[in-house]
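Okay, structure first, notes after.
The values are calculated or read from the model by the stated rules, or taken from the named source; none is laboratory data. Because the structure is a prediction, the values reported are computed rather than measured. Backbone-built Cβ (ideal geometry, glycine too); neighbour counts: all protein chains shown. Each accessible area value is taken on the protein alone, full model and side chains, heavy atoms only, with ligands, DNA and RNA left out. Shrake-Rupley method; radii C 1.70, N 1.55, O 1.52, S 1.80 Å.
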Amino acid sequence: MLEAKYYKDYRHNYMILRCEQREMMNSYQHKILTSDKIGEILRCSVRHINGATYYYYDISSRTTLEGLYRGRQMSYAQVKDVLLQLCGICEKLAGYFMEEAKLVLQPEHIYYDMTNHKYVGLYYPDYRENGENLYRPLMDFLLEHVDTEDERLTENMYQIYEMAEEKHFCIEDALKILDDKEEKGQRNCDSEMQEKEADLQWEATPEQMEENQGFCFDAEVFPVKEESTARREKRSIFYPLFMLLSLFGIAGAVAVGQMYELTQEEQLTLYGAIAAMGVCALICLAGMAGGRKKRNYDNGSGQKTYGSGNPEGESGKVPVREHLADEARVPLEHIISRDMNLDMADYKPNGYGTDRYGSYAPGNTRSASMQKEEDYGNTVFFDESALEEFKLYAVDRKNKRHIELKQFPCTVGKMAGCVDYVLPDDSVSRIHARFDRQGDRVTMTDMNSTNGTYKNGLRMQPQETVIIEPGDEIRFGSLNYCYR
């Protein structure tokens, strides 16, 4: 682990690492690092403070790989994207004759640029492996966060993890394994598609038809496409066409009435024609609406059926809703007799109880209801921690969105899909802060936010983690909350 410190000035967030080797100041790698010629690594500047030299890495608008996928699983595309971009960073360093061993491949120091949507590496000239494998932290993280439902991806990640222990391992080897996995998956999909096409194109020979004479073909289970589909399509064109002609006729009649001077009889005839064509247009509109409803009903929006899915009357099947209703129907006599038996079970004459044979006897005055009260009268202690809720209440007039911390870790920001709770505000960063739980306490970490995260009016440093308690005032950019 690197002993990194974080600092924020007016416009930038910095990660600070100390320069341990002063003789490296005049080296070729130091000059390339501070010249900002390689855009795939963090921009670095050197500052001398109290006789010590420090590297200031600009991490503004960037989040770490560990923070991006904390509490989440990574798919095949996400794993390949990480390895592919890291491989590109290594190739870029090799082009400038920079040592690949100085690239820090730790998840907490691999940054993701939220603006350009790319990963950026940390190149530290004083980085020492301390006998540990260079790729071990990254492979541990990927293996821990890989999607376990993808069996082939999990199997390939175990293979990559074992291969990473070798001395001559590089990220290109991991990409080859993932590419083999993708090719195998594509071949399997192609073979499945070919099998399905072969099944659809299968036709029985005359010999097979003779052997299967006793087989009963059920048209309800194996529906056959009807020839009336084309007729329905042709019939559906009638209403729009006739409606269009009616509208053109109305427009022409109105134009004739305005262009020519007509007698009273001609005007009445013209008005009658306009009214008739208007009625025809309304009838066509109603027919179009009715045909649309019928098609939606036939497609399954009306009722769900057994077998082929046709409505009752075509296949003779009973709808699911009616079938369940018939099974759930109970005679009224059963309900009345059941209620009477329950009432009689609790009824006892005054001063009498029941003996072991079920008859009434004096002296046994304990009824069934009293026994139930004794059975359910005990008080059970419960854990109050189970009822604890962690919530941030908005205190602004414009902002009425409360934040419920139902699960941990929980991230907040304005980038939907990358955070657990979205705050749609321009002053909030894409991934602004993260909440974790340590025992009975809740912690809050600033995720390199641009406008800062505040606790009780004090601005937190980038990547700083603090404990929050009930009554604390929390602020994300310009949004104010109270933790209770």
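Taking first residues from the stretch 161-179 that are surrounded by 12 or more Cβ atoms within 10 Å (Cβ to Cβ) and partners that are modelled with pLDDT under 85 and assigned to a loop (DSSP other than H, G, I, E, B), the Cβ contacts under 9 Å between residues at least 6 apart in sequence or on separate chains come to Ala164/Asn133; Ala164/Leu134; Phe169/Asn133; Phe169/Leu134. Leu262 falls short of the stated requirement of being free of Cβ contacts under 8 Å to residues at least 60 places away in the same chain, open to solvent by 90 Å² or more (accessible area, probe 1.4 Å) and not polar (S, T, N, Q). Of the strands (runs of 3 or more DSSP E) that lie entirely inside the stretch 403-484, those containing 3 or more residues that are of a type outside the set (A, V, I, L, M, F, W, C) and either closer than 28 Å to Met74 by Cβ or under 24 Å from the mean Cα position of the chain (by Cα) (or both) span 433-438, 441-446.
Listed conditions (1) open to solvent by less than 20 Å² (accessible area, probe 1.4 Å); (2) within 39 Å of the chain's Cα centre (by Cα); (3) of a type in the set (S, T, N, Q) are all met by Gln78, apart from (1).
Looking at the structure I just gave you, is Ser45 polar (S, T, N, Q), touching a Leu at 6+ places or on another chain (Cβ under 9 Å) and surrounded by fewer than 19 Cβ atoms within 10 Å (Cβ to Cβ)? No.
Does Gly51 count as surrounded by fewer than 16 Cβ atoms within 10 Å (Cβ to Cβ), in contact with a Phe, Trp or Tyr (Cβ under 9 Å, 6 or more places away or on another chain) and small (Gly, Ala, Ser)? Step through it out loud before you land on a result.
Numbers: surrounded by fewer than 16 Cβ atoms within 10 Å (Cβ to Cβ): yes; in contact with a Phe, Trp or Tyr (Cβ under 9 Å, 6 or more places away or on another chain): no; small (Gly, Ala, Ser): yes.
When the stated conditions are applied, Gly51 does not pass them.
For the stretch 429-471, give me each residue that is of a type in the set (Ser, Thr, Tyr) and either farther than 19 Å from Cys418 by Cα or open to solvent by less than 10 Å² (accessible area, probe 1.4 Å) (or both).
Taking the stretch 429-471 as the starting set, the residues that turn out to be of a type in the set (Ser, Thr, Tyr) are 429, 443, 445, 449-450, 453-454, 465.
Of everything in the stretch 429-471, those that are of a type in the set (Ser, Thr, Tyr) and either farther than 19 Å from Cys418 by Cα or open to solvent by less than 10 Å² (accessible area, probe 1.4 Å) (or both) turn out to be Thr443, Thr445, Ser449, Thr453, Tyr454, Thr465.
When Val46 is tested against (1) modelled with pLDDT of 95 or more; (2) in contact with a helix residue (DSSP H, G or I) (Cβ under 7 Å, 6 or more places away or on another chain), exactly one condition is not met: (1). Scanning the stretch 106-129 for residues that are open to solvent by less than 40 Å² (accessible area, probe 1.4 Å) and over 12 Å from Ile41 (Cβ atoms) returns Gln106, Pro107, Tyr112, Met114, Asp126, Tyr127.
Table: residues versus (1) assigned to a helix (DSSP H, G or I); (2) over 22 Å from Ile177 (Cβ atoms).
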| residue | (1), (2) |
| --- | --- |
| Leu86 | yes, no |
| Tyr119 | no, no |
| Asp126 | no, yes |
| Pro137 | yes, no |
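Among the residues of this structure, Glu66 does not count as one that is within 23 Å of Arg18 (Cα to Cα), open to solvent by 30 Å² or more (accessible area, probe 1.4 Å) and touching a Leu at 6+ places or on another chain (Cβ under 9 Å).
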